[in-house]
Structure formats: C-alpha cells, structure tokens
Amino acid sequence: MDKEVFDTTRRGFLKTLAIGAGGCALGSGMLLPGNALAESLTGNLAKVPVETRWAISSGGLVKNQLFNFKNLLDGVGREKFIEIISKKSFFVGGQSAALAKKLGFTGNDAESCAATIAAMVTIFYGPGQKYTFEKVSEEKVKVKCTNCAFWNTVQGLKITEDLCSTNSKAYWNGFAQALNPKLTSTLVKARPLRDSVCEWAIELKA
C-alpha cells in the first residue's frame, strides 16, 4: 500500500486531493474531447426545462415522504402513527408558513390563506398538483385538491393504507394557524377515506 497516497496528515490529505483532482481533470478531457464546456454542469442543466427539473425533484421528495410514512405505520401501528404524524405535520406546517412569509406570500384571511397553502404544497409536490377554490363567505373558503402527486404515487405503488389524511389534516391546520392564529383548516374530505377529492375548509374565527 502506498503510504504517501494514503497519508492521513493534512499535507498528505491535500496531496491526495490534488492527485484525485488531476485524475478527474485528465479523465474529463479524455471523455469530452474538444469543447468540454458544452458538457459542463451548466450546459447540461440548460438542456432540462425548469418545470422538468421541478417535477423530478418534487417526485423524489414525494416518494421519500411516502416511504417514511409507510415505514412508520408498519413499525408502530395506526394509533401511534396518528399521534406522531399529527404532532410532526402540525409543526412542519408552521415551518412551511414561515418559509411562505419569506417568499413574500401573505395569508391573514381565509382566501389568501387557502391560496398560500395550496401554492406551497404545489412547490413541494410539483407542477401536477391541482386545486379549485370556493369562496363560501368572507370568513370561509373551501379548497379541493383535484390532482395530487402523493395520492397518485400511492396508487401507482398499490399501497392500500391511509398514509396521508392525518398528515393533510395536521399540516394544513398548522400552516393556517401559523399564518394567523385566528385561522383554522379542517379536512372535510379525503381520498383515502373514499372521497373523490381531498377538501379543506379554511375559516377565519372572530
């Protein structure tokens, strides 16, 4: 074993990095003769539309969340799953509200709250996410999710357990209350409960 290459001292470590970098540079030149810049990171990214990048990254997030929920449910059972996810998702909803505010979104009333939560979930879940809104009154808005990346992925993997209604209920309510303590979100319909859509009622309490 070459002691110099595997030297753990700072000098040896830096030398190892230099050797590795040189090898990468040489390899890159051999693999990409001519105009190597055309195949650079920036060049490759430029070939992929922003919406496609968004769909790919959000799809990975959805699957990661799905499998985390499935593993938790399998490990602790339904009752404990609901307890854990209710607390965790309410907290995450609040964190998402803080991010929404940093992005310049506002949600002090029912209407703007509904639009803000739907926009943030779409950012996380991807361009396929679709919603409709019904303004019941100045204090109440109904939001229906007509196409959901999470639900579509669950269906595609043929998972029959309810992995999302508890999360949806707690996340939306945590988000709404973080925007304005007088706001609440109530999950009134959910696909895992055999409804045709998921629906929330956003209300501003007096």
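Taken together, the values in this text are just the output of simple stated rules run on the coordinates, not laboratory data. For clarity, every value in this text was computed on a predicted model and none was experimentally measured. Every residue, glycine as well, gets a Cβ built from its backbone with ideal geometry; the counts of neighbours run over all protein chains shown.
So the values come out like this:
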| read-out | value |
| --- | --- |
| Shape category assigned to region 135-206 from the gyration tensor of Cα positions, a/c cut at 1.5 | prolate |
| Distance in nm between pseudo-label sites at Ala119 and Asn152 (7 Å out along the Cβ direction from Cα) | 2.2 nm |
| Cβ-based exposure ranking for Val143, Val92, in which fewest neighbours within 10 Å come first | Val92, Val143 |
| For peptides 63-69, 102-108, sequence by mean Cβ density within 10 Å, most packed first | 63-69, 102-108 |
| Gain in span if fully extended, Thr42 to Glu83, counting 0.36 nm per residue against the direct Cα distance | 10.3 nm |
| Distance violations [Cα-Cα > 32 Å] among Lys47/Lys144; Lys63/Lys205; Lys88/Lys142 | Lys47/Lys144; Lys63/Lys205 |
| Estimated Rh, region 49-204: Kirkwood, alpha-carbon pairs, angstrom | 15.7 Å |
| Distance in nm between pseudo-label sites at Lys102 and Ser57 (7 Å out along the Cβ direction from Cα) | 1.4 nm |
| Separation in nanometres of the label points that stand 7 Å from Cα toward Cβ, at Phe67 and Glu161 | 1.5 nm |
| Cβ-based exposure ranking for Tyr171, Tyr125, in which fewest neighbours within 10 Å come first | Tyr125, Tyr171 |
